[in-house]
Amino acid sequence: MTVDVDQPIRDRITALDFQRWRSKVYATGGCAKPVKLAGYGALIAPDGTLLQERAGQIYTPCGNRRETVCPACSHRYAADAFHLLRAGLSGGHKQVPTTVTGHPRVFLTLTAPSFGPVHSRRVTRTGRVIPCGCRERHHADDPRVGAAIDPEGYDYVGAVLWQAHAGKLWHRFVIALRRALAVRLGVPGRLFGHVARLSYAKVAEYQRRGLVHFHAAIRLDGPDGPTDQPPAGLTSEVLREALLEAAGTTLGVCRPDGTEMEIGWGVQLDIRDITTTAAEQIQDADGEISEARLAGYIAKYATKGTGKMEAADRPIRSEYDLAHLELTPHHRKIIETVWELGGLPEYAGLNLRKWAHMLGFRGHFLTKSQRYSTTFRAIRAEQHRFQIGHTLTELGADLDPDQVIVVNDWNVVSIGHRNHAEYELAHAIGERARHLPGEKTRREGHQ
Ligand SMILES: [Zn+2]
Ligand SMILES: [Zn+2]
């Protein structure tokens, strides 16, 4: 007997409710794991007229930023992250005028220090592969790249403690940076906020060795934020000097054996001036990066997970879970170390086990200072407003989206598609939606 693998898909397509199901999935952009809600929703005009009523089941997107979990939602997240970063660099946004392009702006990369030699693949200018410390020439897809050459000698405890404190180290770095800038302006550190403002957006990117790098767009404003000129003494050169000084910040933590460990940044430090080069000319000069290229990098990092370990997309709840994950030996050792340290009373405050699947990194993928640019919340609210405007146009109602009353009373019924056939069809719907020519312009129209 032969099994017809396409039969469940044909059944779904020929079912009576297919058109309705398809439009619900389409509305989520083809989300891989939509949240199904049941209830009631309505749009009501200011004079009380009922404009639109919806009852029954609707789908909302899962909102996961990882490509391995949901291609549709990760695509949307990347677009929003790009928008958020770009707005802070180029301006032309409600909260950020285009004059910010005249403020000192740099793109900074802070790395993790070394915790032991790892397999690496470096290439010469002419494209020759340089032998690794193990003497082999690794292929780009070699799963050993990033893994410890000598697992016995690699400082896994140190690496995990570093990663668990990376967010705090960043915080210390920002305080030191403000102080270093204040000194250069001749004011006490605590008065920095009266003369200038430091704005930034940073993202965490996992390296193949399992440790994060931080990439940050850093901008100097006047005390009122992006609309305000920074003081004359704060040039790009001054910012560069202050960054170099602040990058020396360290943090003391205790190892499990009671010895003190000093946590700091790696020696590789990259500072680039951000240029306003047009989007078409994105070839960056030495020590410079264009706004377009930078925002593009961010969008690329946005959907990446922790690297070669797609299995650990959700929190690990038990040792049993851990034992059954598909991991490289190096990543497994990191996660096991996180789990072990998480069980020690002295690290209880770090809540490490909750972050084992993130290799001990406890922060958010993207963080930004208050006045950098817009927020994800504002971007989503704007998209929501745009949707309502679109619905009002379709209904022929000449009303401002801000005037109508939106009633939403929905409860979660279930999460995810019913079967693999639905999942595959949703994926195809999402793929198609993302490649429609109107898609990109429509998103940009959301500004
Ligand atoms: Zn989704
Ligand atoms: Zn090697």
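The values are calculated or read from the model by the stated rules, or taken from the named source; none is laboratory data. Predicted model only: the values in this text are computed from it and were never measured. Glycine gets a Cβ as well: all are built from the backbone with ideal geometry, and neighbour counts include every protein chain shown. For accessibility, only protein heavy atoms count, side chains too; no ligands or nucleic acids. Shrake-Rupley method; radii C 1.70, N 1.55, O 1.52, S 1.80 Å.
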Subset of the stretch 164-185, residues farther than 22 Å from P113 by Cα and either open to solvent by 10 Å² or more (accessible area, probe 1.4 Å) or part of a loop (DSSP other than H, G, I, E, B) (or both), comes to R178, R179, V183, R184, L185
Could you look through the stretch 232-260, keep only residues that are among the aliphatic types (A, V, I, L, M), out of contact with any helix residue (DSSP H, G or I) (no Cβ under 6 Å at 6 or more places or on another chain) and in contact (Cβ under 8 Å) with a residue 60 or more places away in the chain, and pick out the one that is nearest to T337 (Cα to Cα)? A247
Among the residues of the stretch 49-79 satisfying the criterion of being open to solvent by less than 60 Å² (accessible area, probe 1.4 Å) and of a type in the set (K, R), which is farthest from the chain's Cα centre (by Cα)? R66
Cβ pairs under 7 Å, 6+ apart or interchain, first in the stretch 39-56 and on the phi < 0 side of the Ramachandran plot, second polar (S, T, N, Q), ordered by first then second residue, are G41/N408; A42/Q52; L43/Q52; L43/T391; P46/Q403; Q52/T391
What about V203, is it of a type in the set (V, I, T), closer than 25 Å to T250 by Cβ, out of contact with any His (no Cβ under 7 Å at 6 or more places or on another chain) and open to solvent by less than 10 Å² (accessible area, probe 1.4 Å)? no
I'd like to know if the stretch 101-120 contains one or more residues that are assigned to a helix (DSSP H, G or I), open to solvent by 10 Å² or more (accessible area, probe 1.4 Å) and outside the structural domain of S199 (by TED's automatic domain parsing). yes
Of the criteria (1) open to solvent by less than 10 Å² (accessible area, probe 1.4 Å); (2) modelled with pLDDT of 85 or more, which one L85 fails: (2)
Check L325, L359 and return the single one that is aliphatic (A, V, I, L, M) and surrounded by fewer than 20 Cβ atoms within 10 Å (Cβ to Cβ). L325
Go over the candidates G158, G189, G146 one by one and state the one that is crowded, with 18+ Cβ neighbours inside 10 Å and in contact with a helix residue (DSSP H, G or I) (Cβ under 8 Å, 6 or more places away or on another chain). G146
Among the strands (runs of 3 or more DSSP E) contained in the stretch 186-296, which hold 2 or more residues that are closer than 12 Å to T109 by Cα and under 25 Å from the mean Cα position of the chain (by Cα)? 197-206, 212-221, 269-275
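Take A32 and decide whether it is in contact (Cβ under 8 Å) with a residue 40 or more places away in the chain, in a helix (DSSP H, G or I), open to solvent by less than 30 Å² (accessible area, probe 1.4 Å) and within 16 Å of ligand 1 (Cβ to nearest atom).
no
Kindly evaluate R76 against the criterion of being touching a Pro at 6+ places or on another chain (Cβ under 9 Å) and among the basic types (K, R).
Values: touching a Pro at 6+ places or on another chain (Cβ under 9 Å): yes; among the basic types (K, R): yes.
Considered against the rule, which asks whether it is touching a Pro at 6+ places or on another chain (Cβ under 9 Å) and among the basic types (K, R), R76 comes out as yes.
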Residue list for the stretch 60-91, filter: out of contact with any Ser or Thr (no Cβ under 6 Å at 6 or more places or on another chain) and at positive phi: G63
How many of the residues making up the stretch 133-153 are closer than 19 Å to G266 by Cβ and within 13 Å of ligand 2 (Cβ to nearest atom)? 6
Across the stretch 121-163, which residue is nearest to ligand 1 (Cβ to nearest atom) among those that are part of a helix (DSSP H, G or I) and not hydrophobic (A, V, I, L, M, F, W, C)? Q163
